[in-house]
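Asker: Have a look at this one before I ask anything.
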Amino acid sequence: MKQLHSITELSNDTIMTTIQRAIEIKGGQVTNFNDVYVANLFFENSTRTKCSFEMAERKLGMQVIPFETSTSSVSKGESLYDTCKTLESIGCNVLVIRHPENDYYNQLKGLNIPIVNGGDGSGQHPTQCLLDLMTIYEEFGKFEGLKVVICGDILNSRVARSNYDALTRLGADVQFVAPEAWIDPSIPAKYVNIDDVIEEVDVCMLLRVQHERHDKASSFTQEEYNANYGLNQTRYDKLKEHAIILHPAPVNRDVEIISELVEAPKARIFKQMENGVYTRMSILSQVIEANPQ
Ligand code: CP
């Protein structure tokens with residue numbers, strides 16, 4: 001893995017290698033990269049991805065160069081390319097970037113430094129996808145034949161896009177649940193009613209309602225959203241014994257999922273965050289090994 005822009009650029013073998021290595025790292029097999037310098041450039045807010053990458057980098061012994069958009073020369077109008085070229089020039093070995101623009105990494109093709117995408121607009125969120133896959137694989141030991149339903153704000157979700165691609169390629173049966181306004185015609189998934197599939201699914205993945213990406217207010221209340229598209233106690237009780245609940249978080253409690261269920265026995269939401277550190281350690285280790293200094 002020389003870089004990671006989109007899950008679509010990873011073969012199934014590389015996805016499986018990444019998961020296996022993350023599981024090995026979780027078991028204690030950690031390589032030290034104390035001569036590697038990394039900067040995390042987050043042009044969009046983040047709690048999990050930013051802190052998880054920094055935790056992963058520090059656990060790998062990497063040197064983390066502090067970077068905040070608000071105090072950098074980005075506030076003076078410096079371009080993304082020039083910011084990244086500067087970090088490459090001063091000796092950084094890898095950059096982790098989150099940016100509101102879809103495919104921002106295409107502007108950076110002239111650089112000689114690997115980019116790991118921490119999320120681009122409504123495009124891709126490959127590290128979230130890989131940590132979701134690790135969490136599913138830990139539970140079921142396979143993807144082939146699993147029934148997955150992804151519910152919510154599909155149109156604005158980079159998580160849905162990345163997960164649909166990877167899970168489908170790995171043999172899972174992925175269906176979507178969404179209000180009419182949040183259907184994404186560019187993804188060839190089947191849309192279903194949540195109540196028609198809740199008893200059959202192995203994985204119920206809930207997506208955050210991304211108010212910040214909506215032009216106009218939703219035509220339904222939080223209660224109506226939960227009643228039609230979210231997880232409540234009635235639906236939870238219908239899930240199979242072994243079914244799991246995922247959510248990339250942050251969670252809008254009582255919208256995508258009622259608050260009492262966020263840490264319910266079938267929920268793996270905080271396990272996803274834990275696995276995110278190991279997954280990002282796996283990704284960074286592979287990227288550094290594929291780009292010898
Ligand atoms: N899941 C996720 O990407 O969360 P953050 O926006 O907090 O990084």
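Asker: Within the stretch 177-190, which residues are in a helix (DSSP H, G or I), open to solvent by 60 Å² or more (accessible area, probe 1.4 Å) and not acidic (Asp, Glu)? Spell out the reasoning first.
Answerer: The first filter runs over the stretch 177-190 and keeps only residues in a helix (DSSP H, G or I), leaving 180-182.
Subset that is open to solvent by 60 Å² or more (accessible area, probe 1.4 Å): 180-181.
Once the filter is applied, which keeps residues that are in a helix (DSSP H, G or I), open to solvent by 60 Å² or more (accessible area, probe 1.4 Å) and not acidic (Asp, Glu), the stretch 177-190 yields only Ala181.
Asker: Now for a different question. Taking Val174, is it touching a Ser or Thr at 6+ places or on another chain (Cβ under 9 Å), modelled with pLDDT under 95 and either open to solvent by less than 70 Å² (accessible area, probe 1.4 Å) or among the aromatic types (Phe, Trp, Tyr) (or both)?
Answerer: On the way: touching a Ser or Thr at 6+ places or on another chain (Cβ under 9 Å): yes; modelled with pLDDT under 95: no; either open to solvent by less than 70 Å² (accessible area, probe 1.4 Å) or among the aromatic types (Phe, Trp, Tyr) (or both): yes.
No; evaluated as a whole, the condition is false for this residue.
Asker: Quick one: what pairs do we get from the stretch 33-58, first residue among the charged types (D, E, K, R), second open to solvent by 60 Å² or more (accessible area, probe 1.4 Å), C-beta under 6 Å, 6+ apart or different chains?
Answerer: Close Cβ pairs (under 6 Å, with a partner that is open to solvent by 60 Å² or more (accessible area, probe 1.4 Å)) amount to Glu44/Pro100.
Each row is one residue, and each column tells you yes or no for (1) within 12 Å of the ligand (Cβ to nearest atom); (2) of a type in the set (Asp, Glu).
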| residue | (1), (2) |
| --- | --- |
| Ile97 | no, no |
| Ile113 | no, no |
| Asp120 | yes, yes |
| Gly123 | no, no |
| Cys129 | yes, no |
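Asker: Here's a follow-up. Any idea how many residues of the stretch 237-251 are out of contact with any Asp or Glu (no Cβ under 9 Å at 6 or more places or on another chain) and open to solvent by 10 Å² or more (accessible area, probe 1.4 Å)?
Answerer: The first filter runs over the stretch 237-251 and keeps only residues out of contact with any Asp or Glu (no Cβ under 9 Å at 6 or more places or on another chain), leaving 237, 241, 245, 249-251.
Those still in the list that are open to solvent by 10 Å² or more (accessible area, probe 1.4 Å) too: 237, 241, 249-251.
Residues in the stretch 237-251 being out of contact with any Asp or Glu (no Cβ under 9 Å at 6 or more places or on another chain) and open to solvent by 10 Å² or more (accessible area, probe 1.4 Å): 5 in total.
Asker: Now, a different point. So Ser52 ticks every box in (1) of a type in the set (Ser, Thr, Tyr); (2) touching a helix residue (DSSP H, G or I) at 6+ places or on another chain (Cβ under 7 Å); (3) within 16 Å of the ligand (Cβ to nearest atom); (4) not in a helix (DSSP H, G or I) but one. Which box is left unticked?
Answerer: (4)
Asker: Hey, among Ile7, Ile115, which residue is β-branched (Val, Ile, Thr), open to solvent by less than 70 Å² (accessible area, probe 1.4 Å), modelled with pLDDT of 95 or more and touching a Phe, Trp or Tyr at 6+ places or on another chain (Cβ under 6 Å)? So that I can check it myself, show each step before the final result.
Answerer: Details: Ile7 fails: touching a Phe, Trp or Tyr at 6+ places or on another chain (Cβ under 6 Å).
Answer to the selection: Ile115.
Asker: Consider Lys26 carefully, then state whether it is within 16 Å of the ligand (Cβ to nearest atom), touching a residue at least 24 places away in the same chain (Cβ under 8 Å), open to solvent by less than 70 Å² (accessible area, probe 1.4 Å) and of a type in the set (Lys, Arg). Before you say what the answer is, go through the steps one by one.
Answerer: Details: within 16 Å of the ligand (Cβ to nearest atom): no; touching a residue at least 24 places away in the same chain (Cβ under 8 Å): yes; open to solvent by less than 70 Å² (accessible area, probe 1.4 Å): yes; of a type in the set (Lys, Arg): yes.
When the stated conditions are applied, Lys26 does not pass them.
Asker: Just to check your reading of the model, which residue among Val64, Val116, Val96 is within 30 Å of Glu24 (Cβ to Cβ) and over 21 Å from the mean Cα position of the chain (by Cα)? Break it down stepwise before answering.
Answerer: Values: Val116 fails: over 21 Å from the mean Cα position of the chain (by Cα); Val96 fails: over 21 Å from the mean Cα position of the chain (by Cα).
Val64 is the lone residue from the list that is within 30 Å of Glu24 (Cβ to Cβ) and over 21 Å from the mean Cα position of the chain (by Cα).
Asker: Continuing with this model, one more query. Among the residues that make up the stretch 11-24, is at least one of them touching a helix residue (DSSP H, G or I) at 6+ places or on another chain (Cβ under 8 Å), among the hydrophobic types (A, V, I, L, M, F, W, C) and closer than 11 Å to Leu284 by Cα?
Answerer: yes
Asker: If you take the residues of the stretch 151-165 that are touching a Phe, Trp or Tyr at 6+ places or on another chain (Cβ under 9 Å) and surrounded by fewer than 22 Cβ atoms within 10 Å (Cβ to Cβ), which of them is farthest from His211 (Cα to Cα)? Give the steps one after another, and end with the answer.
Answerer: Initial filter on the stretch 151-165 (touching a Phe, Trp or Tyr at 6+ places or on another chain (Cβ under 9 Å)): 151-157, 160, 164.
From what is left, the residues that are surrounded by fewer than 22 Cβ atoms within 10 Å (Cβ to Cβ) are 155-156.
Values: Leu155: 12, Asn156: 10 Å.
This residue is Leu155.
Asker: Of the conditions (1) under 22 Å from Arg158 (Cβ atoms); (2) open to solvent by 10 Å² or more (accessible area, probe 1.4 Å), Gln272 fails just one. Which one is it?
Answerer: Unmet for Gln272, out of (1) under 22 Å from Arg158 (Cβ atoms); (2) open to solvent by 10 Å² or more (accessible area, probe 1.4 Å): (2).
Asker: Shifting gears a bit: Mind checking which residues of the stretch 29-49 are of a type outside the set (Ser, Thr, Tyr) and away from the ligand (no atom under 16 Å from the Cβ)? Spell out how you get there, then give the answer.
Answerer: Step one: list which residues in the stretch 29-49 are of a type outside the set (Ser, Thr, Tyr), which gives 29-30, 32-36, 38-45, 48.
Within the stretch 29-49, Gln29, Val30, Asn32, Phe33, Asn34, Asp35, Val36, Val38, Ala39 meet the criteria.
Asker: OK, next. Check off (1) closer than 21 Å to Pro126 by Cβ; (2) over 19 Å from the mean Cα position of the chain (by Cα); (3) surrounded by 14 or more Cβ atoms within 10 Å (Cβ to Cβ) for Asn106 and give me the number that stays unchecked.
Answerer: Condition not satisfied by Asn106: (3).
The values are calculated or read from the model by the stated rules, or taken from the named source; none is laboratory data. Since the structure is predicted, the reported quantities are computational estimates derived from the model, not experimental observations. Cβ atoms come from the backbone with ideal geometry, glycine included; neighbour counts cover every protein chain shown. Note: areas computed on protein heavy atoms with side chains; ligands, DNA, RNA excluded. Shrake-Rupley method; radii C 1.70, N 1.55, O 1.52, S 1.80 Å.
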